[in-house]
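Written out below as structure tokens is the structure these notes cover.
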Amino acid sequence: MELRQRVAVGTLWIAVAALIAYMLYPVTSLGIDAVLQLFVLVFALFLAGVYLFNPWGVLDRHLFH
């Protein structure tokens with residue numbers, strides 16, 4: 001995956017995380033839905049990090065081709 005594509009996808013995942021954080025902001029109680037939203041938020045930030053920084057060359061491997 002080229003750098004330009006990785007930056008675009010990483011930016012999209014950051015936007016998803018920002019949207020989830022915005023929807024999560026008025027938390028009144030820490031129920032299962034809030035915990036799931038926090039999990040998705042952390043997972044979206046993790047995916048953004050993978051696409052932006054490509055640790056261990058993960059995106060350079062062609063596992064599904």
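Just so you know, all these numbers are worked out from the coordinates, no wet-lab data involved. The structure presented is a predicted model; accordingly, all values stated were derived computationally and were not measured. All Cβ positions, glycine included, derive from the backbone under ideal geometry; neighbour counts span all protein chains shown.
Observations on the structure shown:
- Sum of -39500 (n - 2.57) over DSSP H runs of 4+, divided by residues of the chain (222 nm, nearest 500): -23500 deg cm²/dmol
- Angle between the chain longest axis and helix 3-24 axis [Cα atoms, degrees, rounded to 10]: 10
- Full extension of the segment from Ala34 to Leu12, taken as 0.36 nm per residue of separation minus the current Cα-Cα distance, would add 5.7 nm.
- The mean sequence separation of alpha-carbon pairs under 8 Å and at least six residues apart, normalised by the residue count of the chain, gives a relative contact order of 47 percent.
- Convex hull volume of the Cα atoms of the chain, normalised per residue: 90 Å³.
- Principal-axis tilt of helix 32-53 within the chain, Cα atoms, nearest 10 degrees: 20
- Loop-located chymotrypsin sites (Phe, Trp or Tyr not before Pro) in the chain, at most 10 other Cβ atoms within 10 Å (DSSP): Phe64
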